[in-house]
Amino acid sequence: MIGGQRVLSMRGFRKAIAPANWALTFTRTLIYVILVTIAIVEAFPLLWMIITSVKDSHEVFNTVLPAEINWRNFPRVWFAMNFPVHLENSLYVTSLTVALVVALATPAAYAFARYRFPGREVAFYAFIGAMMIPPQAILIPMFQFLRSLHLLNSLTGLALSYVGGGVAFAIFLMRTFFLSLPGELGDSARIDGCNDFQVFWHIYLPLARPGMATVVIIQSLYTWNEFMFSNTLITSPGKKTVQSAVFQAVGQYGTDYTALCSGLIIALVPVVLVYLVLQRQFISGLTAGALKG
């Protein structure tokens with residue numbers, strides 16, 4: 001009798017959990033469907049750009065897939081738009097911007113995280129407030145400011161305009177990272193005779209490599225892909241960056257979509273390569289920082 005009651009109780013338990021399992025399965029399936037749908041929607045513009053880059057001009061809106069893959073669009077765009085010069089300009093602006101942002105934001109973020117001084121909170125929230133100003137609102141003042149410094153139509157001036165916008169976010173990000181590091185490390189180093197600069201340079205800076213790598217990735221992607229400032233502050237054709245150069249395919253009465261998409265693909269390749277390299281460095285630095293902490 002006891003065995004029969006046990007079997008009945010097990011059957012009742014299974015019947016009780018069956019609706020819960022069905023609801024869980026339905027919820028997971030619904031989540032997967034939503035995520036796949038979002039992924040398809042997000043990937044569609046990139047897929048359309050890749051397909052259009054290998055089409056003939058008359059096939060852009062007439063066919064889904066090209067009748068024949070046309071690789072000639074890439075060398076045509078490479079030479080017609082003088083891509084080597086524009087890639088060099090973008091590389092210079094991006095490198096200078098990233099170097100200055102990291103060099104300025106890292107010690108500033110460390111000071112905000114580890115030191116107490118009058119006006120610290122006010123200064124930090126001023127940086128946070130600067131992040132809320134849309135770039136469109138400062139385009140004209142930036143144009144006039146660079147013209148007064150004789151840096152208008154200059155790649156260095158363009159890089160400095162990016163630095164002004166990127167330092168605030170970098171300080172915010174790096175300060176959060178420095179706060180996550182244990183303060184006992186600095187105290188131990190000071191007991192061993194290190195001064196404040198040595199504590200920063202030899203103790204905290206090596207551990208901050210993951211945060212610095214994140215700043216490099218974000219700032220590089222933004223600077224390389226930025227269009228509004230580069231197209232406005234740079235007027236000489238030979239000083240245009242990649243994104244401004246690709247805009248040459250957009251005409252007053254028509255757009256060469258095959259050239260536009262081919263140029264965007266060429267401009268995308270260096271970004272993807274840099275991102276992959278920095279991603280590996282980011283993971284390596286994160287692991288090293290975790291072991292040292």
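The values are calculated or read from the model by the stated rules, or taken from the named source; none is laboratory data. The shown structure was predicted, so the numbers you read here are calculated from the model rather than taken from an experiment. Reconstructed Cβ throughout: ideal geometry from the backbone, glycine too, with neighbour counts over all protein chains shown.
The criterion of being free of Cβ contacts under 8 Å to residues at least 40 places away in the same chain and within 23 Å of the chain's Cα centre (by Cα) holds for PRO134. When region 174-230 is filtered for residues that are within 19 Å of ALA113 (Cα to Cα) and charged (D, E, K, R), the ones remaining, listed by number, are ARG175, GLU184, ASP187, ARG190, ASP196, ARG209.
The condition of being modelled with pLDDT under 85 and surrounded by 10 or more Cβ atoms within 10 Å (Cβ to Cβ) holds for only one of TRP22, TRP71, TRP48, TRP78, that being TRP22. Confirm whether THR106 is hydroxyl-bearing (Ser, Thr, Tyr) and closer than 15 Å to GLY164 by Cα. For THR106, the condition - hydroxyl-bearing (Ser, Thr, Tyr) and closer than 15 Å to GLY164 by Cα - is met. Restricting attention to region 102-117, the residues being surrounded by 15 or more Cβ atoms within 10 Å (Cβ to Cβ) and either free of Cβ contacts under 8 Å to residues at least 40 places away in the same chain or of a type in the set (A, V, I, L, M) (or both) number 7.
Annotation: of all residues in region 124-136 being surrounded by 10 or more Cβ atoms within 10 Å (Cβ to Cβ) and out of contact with any helix residue (DSSP H, G or I) (no Cβ under 8 Å at 6 or more places or on another chain), the one that is farthest from ILE171 (Cα to Cα) is ILE133. Filter region 186-214 down to residues that are in contact (Cβ under 8 Å) with a residue 24 or more places away in the chain and more than 27 Å from the chain's Cα centre (by Cα), then give me how many there are. Final tally of qualifying residues: 1. Determine if region 62-74 includes at least one residue that is part of a helix (DSSP H, G or I) and either under 20 Å from VAL246 (Cα atoms) or in contact (Cβ under 8 Å) with a residue 24 or more places away in the chain (or both). Yes: region 62-74 contains one or more residues that are part of a helix (DSSP H, G or I) and either under 20 Å from VAL246 (Cα atoms) or in contact (Cβ under 8 Å) with a residue 24 or more places away in the chain (or both). Of the residues PHE247, PHE172, PHE227, the single one that is under 30 Å from SER57 (Cα atoms), of a type in the set (Phe, Trp, Tyr) and within 17 Å of the chain's Cα centre (by Cα) is PHE227. None of PHE172, PHE145 is in contact with a helix residue (DSSP H, G or I) (Cβ under 7 Å, 6 or more places away or on another chain) and either in the same structural domain as THR94 (by TED's automatic domain parsing) or of a type outside the set (A, V, I, L, M, F, W, C) (or both) except PHE172.
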